[in-house]
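Here the structure is laid out as structure tokens; the discussion comes afterwards.
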Amino acid sequence: MNIIPAIDLLDGKVVRLHKGSYREVTVYSESPLAQAHEFRKAGFNHLHIVDLNGAKEGRFVNLPHIKQIKEELGVTVQTGGGVRTLSDVRYLVKEGVDYIICSSMAIKNEADWLQSLSEFPEHMVLGTDLKEGKIAYSGWLETASESVNSFLLRMQEAGLTRVLCTDISKDGTLTGPNFELYAWLMTEFPALKITASGGVSSIDDLKRLASAEVHSVVVGKAYYEGKVELGDMKDLMLAE
């Protein structure tokens, strides 16, 4: 199982939201580059970076920080926030983003999402963020009417291979991942590479996800709050 350290950017700072609320923000660092350097020094060469400004505003507010991290540290990144059109995807690919996470675009502009999936299948990640069992988008402020199962089936038929799934009710809570959700996804969609996100509170949570053979997991608040150490995370990856 791959473990991916998370950097959420808001106004150029490293933050975490509680259950996706922009009204409940904790700032952990004033320097995204310094934080990314800590991850790189610990041996992590792939990072999860979210532009929280972009998610609300529909433009790449924090892209300069993401580019600086890539250029100075030589890491790969998966990033989301503000991706709304095919032109946005083409621009981010041109700017060197390795994996592009889309949630709002896949719901609100499906034609462009499907074309992006066709043009850049190796770059595209579907952000399936769940709020009370429904797919949430636009910074987790709106929810879609189509069921998760129906939507993922259609996307898989269109060539989707990577899904980042966040249970918003778990995000930033340190109450443990929604293990049942990921077990269901892996049973229903065994061909998809599922990345779990939200709720990780301990190294035991990570071991349980690894035992369930989840492809990847994003770790954010558990690290920032000292619940898991980078060395233990790296050791678990190497043990796989």
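What the table shows:
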{"item": "Amide H partners (placed H, <5 Å) of Gly82, local residues excluded", "result": "Ala55, Gly58"}
{"item": "Shape parameters for segment 12-137, alpha-carbon atoms, Rg then Dmax in Å", "result": "14.6, 41"}
{"item": "Per-peptide average of other Cβ atoms within 10 Å, ordering 185-197, 123-135 highest first", "result": "123-135, 185-197"}
{"item": "Potential extension, Glu229-Arg23 segment - 0.36 nm per residue separation minus Cα distance", "result": "71.4 nm"}
{"item": "The chain - mean residue ellipticity at 222 nm from DSSP helices (-39,500 (n - 2.57) per run, n ≥ 4, rounded to 500)", "result": "-11000 deg cm²/dmol"}
{"item": "Only Lys, Arg (+1) and Asp, Glu (-1) charged, at Cβ; segment 196-240 dipole about Cα centre in debye", "result": "120"}
{"item": "Carbon and sulfur %, accessible surface of segment 150-203 computed with the full protein complex present, 1.4 Å", "result": "53"}
{"item": "Shape of the chain, Cα gyration tensor, a/c cut at 1.5", "result": "rounded"}
{"item": "Accessible-area ranking of Ser104, Ser87, largest first, probe 1.4 Å", "result": "Ser87, Ser104"}
{"item": "Extension gain, His215 back to Glu146 (0.36 nm per residue minus Cα-Cα distance, nm)", "result": "22.3 nm"}
{"item": "Amide H contacts of Val219 (H built 1.01 Å from N, under 5 Å, at least 5 apart or other chain)", "result": "Ile4, Ala6"}
{"item": "Radius ratio Rg over Rh of segment 4-61, counting only Cα atoms, Kirkwood formula for Rh", "result": "0.98"}
{"item": "Whole-Hz ³J(HN,Hα) from phi, Karplus 6.51 cos²θ - 1.76 cosθ + 1.60, for segment 68-82, glycine and proline x", "result": "4, 4, 5, 5, 7, 10, x, 9, 9, 9, 10, 9, x, x, x"}
{"item": "Whole-Hz couplings from phi, Karplus 6.51/-1.76/1.60, listed for segment 158-168; x for Gly and Pro", "result": "8, x, 5, 10, 10, 10, 9, 10, 10, 8, 4"}
{"item": "Around Asp204: net Lys/Arg minus Asp/Glu count, Cβ-Cβ under 12 Å", "result": "+1"}
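The values are calculated or read from the model by the stated rules, or taken from the named source; none is laboratory data. Nothing here was measured: the structure is a model prediction, and the numbers come from that model. Reconstructed Cβ throughout: ideal geometry from the backbone, glycine too, with neighbour counts over all protein chains shown. Each accessible area value is taken on the protein alone, full model and side chains, heavy atoms only, with ligands, DNA and RNA left out. Shrake-Rupley method; radii C 1.70, N 1.55, O 1.52, S 1.80 Å.
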